[in-house]
């Protein structure tokens with residue numbers, strides 16, 4: 001009886017446990033694996049949220065929070081522009097423009113990279129001035 005109960009409990013647990021979240025490094029690798037490097041630069045990201053794509057650098061915590069009209073999906077500066085191809089960008093502001101992370105022929109690929117960037121920001125820690133209270 002105890003063995004049956006144990007097997008039942010283990011079976012339930014096995015089907016309800018969620019997969020572990022990706023680490024910081026795994027998430028950056030995932031994004032870079034999705035980028036077509038024949039047209040776009042791989043990104044580098046530091047744990048404080050600084051992203052470098054090609055010759056442009058921006059911090060994920062310094063992006064504008066207000067939605068810029070022409071983006072289809074927008075989360076605090078991380079955006080998808082549903083134009084063909086589908087572009088995933090870091091919006092700087094409406095006057096300066098954006099840093100494009102990549103162009104994707106399939107909408108789902110763009111959404112995956114967008115979601116990975118939003119998730120990546122949650123893994124970063126915003127740098128604070130040592131004299132801030």
Selection status of residue 118, closer than 26 Å to residue 23 by Cβ and modelled with pLDDT of 85 or more: yes
Residue within the stretch 69-76 that is modelled with pLDDT of 80 or more and surrounded by 18 or more Cβ atoms within 10 Å (Cβ to Cβ) present: no
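The values are calculated or read from the model by the stated rules, or taken from the named source; none is laboratory data. Keep in mind the model is a prediction, meaning the values are calculated, not measured. With ideal geometry, Cβ positions are generated from the backbone for all residues, glycine too; neighbour counts draw on all protein chains shown.
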